[in-house]
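Worksheet: the structure to be examined is printed underneath.
Read-outs: derived from the displayed coordinates by stated rules, not from any lab. Keep in mind that this is a model prediction, so the values were computed, not measured. Every residue, glycine as well, gets a Cβ built from its backbone with ideal geometry; the counts of neighbours run over all protein chains shown.
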Amino acid sequence: MAPNKPFFGLEGVALSWAISLTSASAFLLFGYDQGIMGSIIATPYFLEAVNIEISDAETISTVVSIYDIGCMVGCLVAAIWGGRLGRKRTIFYGMGIMVVGAVIQSASYSVAQLIAGRIVSGIGNGMNTGTVPTWVSETSKAQNRGKLVATQLSIAAFGIVIAYWMNYGFFHLTGQIVWRFPIAFQIVFALITMCIIPWLPESPRFLYAKGRNEEADSVMSALKALPIEHEIVQAERAEILAAIALEDHFGEYNFKTIFYDKSGQKIPLRIGLVCLIQAIQQLPGVNMVIYYSSSIFLNLGIAANISLILGGVASLCFWLGSLVGIAAVEKFGRKKLLLSGSLPMLIATCIYCAMVKDGRDTHLWVAFACTCVICLSFGWSWLPV
């Protein structure tokens, strides 16, 4: 292997695997960061350290939900400056910001410090989740992109599983390590990505758009494991350049384009539909299950260690459902998957509400079974959207 060969000397399938594994670390971090707070908010040592009562639902919900505000800011940062920075640098900076946020959170001794750390982590996570799928899509084969997106989301779901079960493992210890180490552990995922991504290829589409054609040609050749003169490489190269030329013809997009567009590309309609689908995706309430399942079970009178186990099982169902989605998304299409998962989610939610209202022990176990059905159904249907 020639020592001056870029990308660790990898090309073709091997290079695609390296990109996929790096993005997997990023999405594990995304899922882990989502799940870890949901599993530690029921931990007595955590509540004592930051001075929160388990019954203080307002403060707990603020600490948990403020993270999503940070994510929104991070997505806007990626949208505004990502085109200048490139995919790799945006991801690298996002990971660095998440490391800072994790340090602040794991060193917290007050609600204000914890909230600040959650916001910082959210900004970094928003930059990553808004950029990693684009980077992976632009460095992969077109026919694999739908399955790749579903796989990334499944990896994020597995990150939630890791978070819940790690917290359960630390629950039986004593002292501040019970919650500080699980929060700090997310730094490992960030460092893995930060160490590897500088050595992997930038998106060829970004390089062509910036006029760095020679560098882009080298990336295209490595991704295909073919010489740049090969007809397959040349055909995809021409396709990318034509798309860039079309965008240049209609002019640079700006904030006003989101609401008003005279180019005939129907950009406001397309963005509106995407935002609507993503908003509807949140309405089934699966994030409530991810963030609050352990504390919900705890508030219903179930012991703390059992509550953590139940939260972990629910997260496991969420991940298993996502595996079904990977296998089915290309075969059945997204619309059929959405319909197949929506009905069981509706029925399970109705039964869950009735069982929780009653409050009997046997009914609480039925409610837990409904929680698992909701997570499983969402995982195979709404998650791959």
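A compact table of results
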| read-out | value |
| --- | --- |
| Environment charge at T131 (Cβ cut-off 10 Å; Lys +1, Arg +1, Asp -1, Glu -1) | +3 |
| The chain: translational diffusion in µm²/s, Stokes-Einstein, Kirkwood Rh over Cα pairs, 10 °C, 1.306 mPa s | 71 |
| Angle between the chain longest axis and helix 231-250 axis [Cα atoms, degrees, rounded to 10] | 80 |
| The stretch 205-252 - Rg over Rh from alpha carbon coordinates, Kirkwood radius | 1.01 |
| D68, D248, D33 arranged by Cβ crowding within 10 Å, fewest neighbours leading | D248, D68, D33 |
| Longest to shortest principal axis, alpha-carbon extents of the stretch 17-200, angstrom | 50, 31, 26 |
| Kirkwood Rh, Cα atoms: Rg over Rh of the stretch 326-385 | 1.12 |
| Positive minus negative residues near I183 (Lys, Arg vs Asp, Glu; Cβ under 14 Å) | +1 |
| Cα-centre dipole for the chain with unit charges at Cβ (Lys and Arg positive, Asp and Glu negative), debye to 20 | 500 |
| Å³ per residue enclosed by the Cα convex hull of the stretch 1-86 | 157 |
| Radius 13 Å from Cβ of E231, net charge of other residues (Lys, Arg +1; Asp, Glu -1) | -1 |
| Exposed chymotrypsin sites (Phe, Trp or Tyr not before Pro) absent - longest run of the chain, DSSP non-H/G/I/E/B, at most 12 other C-beta within 10 Å | 110-258 |
| Unsatisfied cross-links (Cα-Cα over 21 Å) in the set K141/K224; K88/K141; K147/K336; K210/K266; K147/K210 | K210/K266; K147/K210 |
| Projected label distance in nm at S340 and F259, using a 7 Å step from Cα toward the beta-carbon | 4.1 |
| Folded to 0 to 90 degrees: helix 111-129 orientation relative to the chain principal axis, Cα | 30 |
| Helix-only CD estimate at 222 nm, as mean residue ellipticity for the chain, using -39500 (n - 2.57) per DSSP H run (n ≥ 4) | -26000 deg cm²/dmol |
| Rounded tilt (10° steps) of 87-106 against the dominant C-alpha axis of the chain | 20 |
| Per-selection Rg to Rh, the stretch 260-385 - Cα, Kirkwood hydrodynamic radius | 1.10 |
| The stretch 96-154: equivalent-ellipsoid semi-axes (sqrt of 5 x gyration tensor eigenvalues, Cα, Å) | 33, 10, 7 |
| Over the chain, relative contact order from alpha-carbon pairs under 8 Å, at least 6 apart, % | 22 |
